1. With (1) among the small types (Gly, Ala, Ser); (2) in contact (Cβ under 8 Å) with a residue 24 or more places away in the chain; (3) open to solvent by 40 Å² or more (accessible area, probe 1.4 Å) as the list, and Ala307 as the residue in question, which single condition is left unmet?
2. So how many residues does segment 379-409 have that are part of a helix (DSSP H, G or I), surrounded by 15 or more Cβ atoms within 10 Å (Cβ to Cβ) and modelled with pLDDT of 95 or more?
3. Return the pair list, or none, for Cβ contacts closer than 6 Å from residues in segment 161-187 that are touching a residue at least 40 places away in the same chain (Cβ under 8 Å) to residues that are basic (Lys, Arg) and assigned to a loop (DSSP other than H, G, I, E, B), at least 6 apart or on different chains.
4. With the requirement that a residue be open to solvent by 60 Å² or more (accessible area, probe 1.4 Å), closer than 27 Å to Leu138 by Cβ and either of a type outside the set (Lys, Arg) or assigned to a loop (DSSP other than H, G, I, E, B) (or both), what does segment 79-89 give you?
5. Filter segment 96-116 for residues that are in a loop (DSSP other than H, G, I, E, B) and in contact (Cβ under 8 Å) with a residue 12 or more places away in the chain and give the result.
6. Could you go through segment 273-284 and let me know if any residue there is open to solvent by less than 10 Å² (accessible area, probe 1.4 Å), in contact (Cβ under 8 Å) with a residue 60 or more places away in the chain and closer than 29 Å to Arg349 by Cα.
7. Assuming Asp337 fulfils every condition listed in (1) within 30 Å of Lys139 (Cβ to Cβ); (2) surrounded by fewer than 17 Cβ atoms within 10 Å (Cβ to Cβ); (3) not β-branched (Val, Ile, Thr) apart from one, which condition is it?
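The values are calculated or read from the model by the stated rules, or taken from the named source; none is laboratory data. Note that the structure is predicted; figures quoted are calculated from it, not measured. All Cβ positions, even for glycine, are placed from backbone atoms using ideal geometry, and neighbour counts span all protein chains on display. Note: accessible area is taken over every heavy atom of the protein model, side chains too, but ligands, DNA and RNA are not part of it. Shrake-Rupley method; radii C 1.70, N 1.55, O 1.52, S 1.80 Å.
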Amino acid sequence: MSTAFSTAKFTTQPFPLNTTSPTFHDKPLFDPLKIPNFTSPFLGSNRKLRLCSSSKLNLHRRSGTVVAVSDVVKEKKPKSTPYLLITKEEGLELYEDMILGRAFEDMCAQMYYRGKMFGFVHLYNGQEAVSTGFIKLLKKQDSVVSTYRDHVHALSKGVPARAVMSELFGKTTGCCRGQGGSMHMFSSEHNLLGGFAFIGEGIPVATGAAFTSKYKREVLKEADCDHVTLAFFGDGTCNNGQFFECLNMAALWKLPIVFVVENNLWAIGMSHLRATSDPQIYKKGRAFGMPGIHVDGMDVLKVREVAKEAITRARRGEGPTLVECETYRFRGHSLADPDELRDPAEKARYAARDPITALKKYLITNNLASEAELKAIEKKIDEVVEDAVEFADESPLPSRSQLLENVFADPKGFGIGPDGRYRCEDPKFTEGTAHV
């Protein structure tokens, strides 16, 4: 069966993606009988950036059960008609989703500084290729587990912009009725299983969701249950225990899950290179018997090709995949972060590789879209975001009685008085606590 990872054979030559060769889909990239063992410089660094060339890779084959590949997708200018990775419809869908993510986050920054949002707000600018490249390939029944940087994951999964913005405003019309806020987006309707404020928290939840899918299919005999779970997390999480425990469990039980590392090179103000003994995270999959792959997370088409195969493997019952997407956030860790620790030259290098600009260039160069069509999408998204802000601003705040809802299982328990009313509605509820 041909796969999206059939983009290359293991050779010492660059891995071609845009090619019309009849051998393009001959062999899967994840050859279960071979493991390439190589060394290459890690692309992201707070030192002087040095892009590695695959022609310099030292590839050696040895026996094993897993393959880990660094530069899986390489651009190659075709001599004849280019092999297009997407259709016009797919390209426009990807562009619209990425523009929505960027415009929404830019508006969040404005609203935060105007005092419409409270607490910590972590924006996703620069990382849109990862969310769009993976999530737009999912079915509605598939699940996504996010982090505190979760707004764009929610949007990509189909949660309306109105619901996400209202949640950020703390309004009852938000996807969590205003009780989740920026770091805890959740929508059972869209199978968005939550954003998680503490790093690593969401990985066990995602693993459990994947186990549910497998249990339904194999034990409850729901033959049509081929649901896949995506677990998103950052490079800093990969030094935490939950990461290793869940990789082990997912590989042991061959769970339908894809572990997506959004490696933006910085864990708040800690450089990834200073925090881990081996900065190449994708190699950690090999220790648990699962494929690990590194991809350019600033290129939505490369991400999409890798995501397509990883999701397909999981849906076929072939188990988990660890995908490291090397990306970069264009803003500070949060809107409270002055972003003074990162090298300005490093930030400039990645800004020049803006994933939205790259996709736009690809669409126009390959005659998949015109400037007018893309501008129409941008105008449409501006209207969607403006509407979301107006809707959120006009929506009501939660009542005090909502404070204890979904907290206590016993309807007559601690949070409700003998008269059946919420204790928090009693004027004396907070009496004597003002000095605390």
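1. Of everything listed in (1) among the small types (Gly, Ala, Ser); (2) in contact (Cβ under 8 Å) with a residue 24 or more places away in the chain; (3) open to solvent by 40 Å² or more (accessible area, probe 1.4 Å), Ala307 misses just condition (3).
2. Number of matching residues: 7.
3. From residues that are touching a residue at least 40 places away in the same chain (Cβ under 8 Å), the pairs are Phe169/Lys116; Gly178/Lys171.
4. Tyr83, Leu84, Thr87, Glu89
5. Lys116 - this is the single residue of segment 96-116 that is in a loop (DSSP other than H, G, I, E, B) and in contact (Cβ under 8 Å) with a residue 12 or more places away in the chain.
6. Yes; the residues of segment 273-284 include at least one that is open to solvent by less than 10 Å² (accessible area, probe 1.4 Å), in contact (Cβ under 8 Å) with a residue 60 or more places away in the chain and closer than 29 Å to Arg349 by Cα.
7. With (1) within 30 Å of Lys139 (Cβ to Cβ); (2) surrounded by fewer than 17 Cβ atoms within 10 Å (Cβ to Cβ); (3) not β-branched (Val, Ile, Thr) applied to Asp337, the lone miss is (1).
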